[in-house]
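Worksheet: the structure to be examined is printed underneath.
The numbers here are math on the coordinates, done by the rules we state, and not lab data. On a predicted model such as this, the values are computed, not experimentally measured, just so you know. Ideal geometry is used to build each Cβ from the backbone, glycine not excepted, and the neighbour counts take in all protein chains shown.
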Amino acid sequence: MSRQTNWFRIYDSSPVSDVDPTASYRKDRSYDGGATWEDAPEMKGEHLKLEMTEALLADLTIGIRDGVVVMQSPHPMGGLIRYTPAH
């Protein structure tokens with residue numbers, strides 16, 4: 001299966017497809033295993049879906065609990081990313 005085909009398969013499957021692309025999330029980053037978190041700007045659910053897809057494609061860990069998503073960063077800088085629903 002090509003990378004592109006696999007990417008769309010992941011994007012269109014749960015848990016990625018369960019995310020509302022229009023919902024607002026606060027995105028935080030941690031570079032010390034979650035001991036401290038750096039605030040980042042508010043993001044939409046579409047951005048979360050894209051990062052979740054890249055993380056799952058790279059066989060990285062994603063945890064979801066009470067609407068909060070924590071994942072290993074799919075970006076070269078590494079670390080953790082946490083998306084919390086903005087209320």
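Hey, what do the phi angles of the stretch 2-15 turn into as Karplus ³J(HN,Hα) couplings, whole Hz, using 6.51/-1.76/1.60 and θ = phi - 60°, x for Gly and Pro?
6, 4, 5, 5, 5, 4, 5, 4, 5, 4, 8, 10, 5, x
Quick one: Karplus J couplings for the stretch 33-41, per residue in order, coefficients 6.51, -1.76, 1.60, θ = phi - 60°, nearest Hz, x for Gly and Pro?
x, x, 5, 9, 10, 9, 6, 10, x
Once the Cβ-Cβ distance between residue 22 and residue 62 is put in as r, and R0 is 22 Å, what FRET efficiency do you end up with, to the nearest 0.05? Numbers along the way, then the final one.
On the way: r = 21 Å, r/R0 = 0.94.
Calculated value: 0.60.
Only Cα pairs within less than 10 Å get springs; with that Gaussian network setup on the chain, which residue of 39, 66, 28 has the largest fluctuation?
66
Return the Rg/Rh value of the stretch 22-84, two decimal places, where both radii are evaluated on C-alpha atoms and Rh is the Kirkwood radius. All intermediate terms of the calculation are to be shown ahead of the outcome.
Working: Rg = 10.7 Å, Rh = 11.6 Å.
Across the stretch 22-84, the Cα-based Rg/Rh ratio is 0.92.
Rounding to the nearest 10 and keeping the result within 0 to 90°, find how far the Cα-based axis of helix 45-57 lies from the longest principal axis of the chain.
The answer is roughly 60 degrees.
Per DSSP H run of at least 4 residues, take -39500 (n - 2.57); add these up for the chain, divide by its residues and hand me the 222 nm value, nearest 500 deg cm²/dmol. Mind dumping the intermediate values first?
On the way: 2 runs with 22 residues, N = 87.
Calculated from helices alone, the mean residue ellipticity at 222 nm is -7500 deg cm²/dmol.
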